[in-house]
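Report on one structure; see the data block that follows.
The values are calculated or read from the model by the stated rules, or taken from the named source; none is laboratory data. Remember, predicted model here, so these are calculated numbers, not experimental data. Here the Cβ positions follow ideal geometry from the backbone for every residue, glycine too, while neighbour counts run over all protein chains shown.
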Amino acid sequence: MQTPISGGLVKNADAVAWSEVDTQEAALIARCNTGDEAACADLVSNHQRMVYSLALHLLGDRDEALDLSQEVFLRVFRTLSSFRGQSALRTWIYRIVINQARNRQRWWRRRHRSSQVSLDDHLQQFGDVECKTDVLPDRQLASKETSARIWQALDRLPFDQRTALILREVDGLRYDEIAFSLGVAVGTVKSRLTRARQTLRAELLGLRT
Amino acid sequence: MIPYVGCEYAREHLDAFVDSELSVDEQVAVESHLRWCRTCAARVEDLQLIGHSIRLGSLAPPADGEEAQTISHVQASVLIRVRAEEEMSFASRFRDMFTDMRLLWPALGATSAVTVGLALALSVLHSTTLERPESLATMLETLSDPGGERNPLMPGNTARYDRLFLKYVDSDRAGGISMPRALDDGTVFESIPEQDATFAVAAVVSRDGRIANYELLNSERSGQARNMHPNDVEMLDAAVRQSRFAPAQTPVGRAVAVNMVWLIVMTTVQTPEPRAIRVPPSVAPVNRIPPAESIEEAPLKRSDLLETSTTA
């Protein structure tokens, strides 16, 4: 029997349409397709932090992330003429980043795991940007330790689960946007997120005991 | 009214609740459940803590600093490479296609497989579309086209005309089908040796006046039936094939193919022996009669007579 509040949960990944691309962005795309170098520079400038950040989270290495970012933008300009506004430009670029990162990480992570960024080093360098000043120091330390353990567990997750969780928690994408970026159905995104969180919750429970 | 939901339903939707992906009704229902269910509430706290920990440990670069400058170099590098790619000649691109030869053999194999598959599919398609003369479809098509080459009619057969053409042809007038009429007056038979002969040929005259197919029924030379010489057969075959007819027509003027028995008679006509004319010497000649030698002439020139007859 169908409950009265069920049915609205699953969203159609194809629901995104040309309306996802605003006028300004569509004009930028059109200029890029005509070979306008200034427009290309604007497009890179608008998205380079986002691309680099996602690449860094997926690969865990800054040099690799930079190299991947360049490859992603080259790919974007080669295929921009085929972009039909089926999603927001940002989501479309996410999709390219994920595909490129998936191809790289299979072999790269096995060979260069030792040179990946240490989370503790990163936190020492950039600090805890999310912690508020009124939080007690011991709470901050606990949060850092929890975060480090969660990220270690996250690093061990399968690529697709880890990517879905990063897109959701770090980049704040909606389910339908994640589905488009991964090229899967929304239901698949939900199941991947659930499995990933179950694994991380088990790690969290182990940390408490 | 807030609908009641149990733990089983709530647990299935806790992830979507934390991600704010539920509809308003669902969000309210799960939230009301969390007010009294400590177990589910603890799960939600764990999920929120996981999200917070991930964001806390995020490696996102800050907006300024050395790393931000490094990122800004991406733009310049990309634009340089884009420009370089545009300037790259076609020959260079073509060479680059063969730098990774690992893809060559799979590509060749795939191309060959596709080609073979297409050839097989086309051959199967071709063999299935061939029409066999003994097939039911061919017979039905033949019967549905009276007057065609495969279903010729019989000229002058009024009964058959009435029965078929009242049904298939847009005419209700009575009358028979006209005979096909030879157009070349037998000149094509001049190549056959000059001997008296008779040939009976069963033939079909098509809608365009050609002999569609024929069969030699009988042949006689000089009044005695005998086998045709192979050369005669060849010449007769050539002559029959070159013959042209005005096709048979229905009363409404529609050309139709007809069955025909064609009787070809080749006859040499000679005048009888001249008799001597005796003139009494006492009678003065009134008119000058030419001498007998001048009357006697060579046999008349051979002529070919063509006759047609019908058969049922």
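Details
- Single condition B:A10 does not satisfy, out of (1) buried (at least 17 other Cβ atoms within 10 Å of the Cβ); (2) facing another protein chain (nearest Cβ under 9 Å); (3) of a type in the set (A, V, I, L, M, F, W, C): (2)
- Members of region A:57-100 that are in contact with an Asp or Glu (Cβ under 8 Å, 6 or more places away or on another chain), hydroxyl-bearing (S, T, Y) and in a helix (DSSP H, G or I): A:T91, A:Y94
- Of the residues making up region A:52-99, those that are at the interface with chain B (Cβ under 8 Å from one of its Cβ atoms) and not basic (K, R) are A:Y52, A:S53, A:L56, A:H57, A:G60, A:L66, A:S69, A:Q70, A:F73, A:L74, A:F77.
- Note on region A:26-45: residues that are touching a Leu at 6+ places or on another chain (Cβ under 8 Å) and under 20 Å from B:T70 (Cα atoms) total 5.
- The selection criterion, being at pLDDT below 80, under 42 Å from the mean Cα position of the chain (by Cα) and more than 17 Å from B:E149 (Cβ to Cβ), does not hold for B:T250.
- Among (1) under 20 Å from B:S58 (Cα atoms); (2) more than 16 Å from the chain's Cα centre (by Cα); (3) at pLDDT 90 or above; (4) not β-branched (V, I, T), the one test that A:R162 misses: (2)
- One residue stands out in region B:56-76 among those that are modelled with pLDDT of 75 or more and under 17 Å from A:G172 (Cβ atoms): the one that is surrounded by the most Cβ atoms within 10 Å (Cβ to Cβ), namely B:G57.
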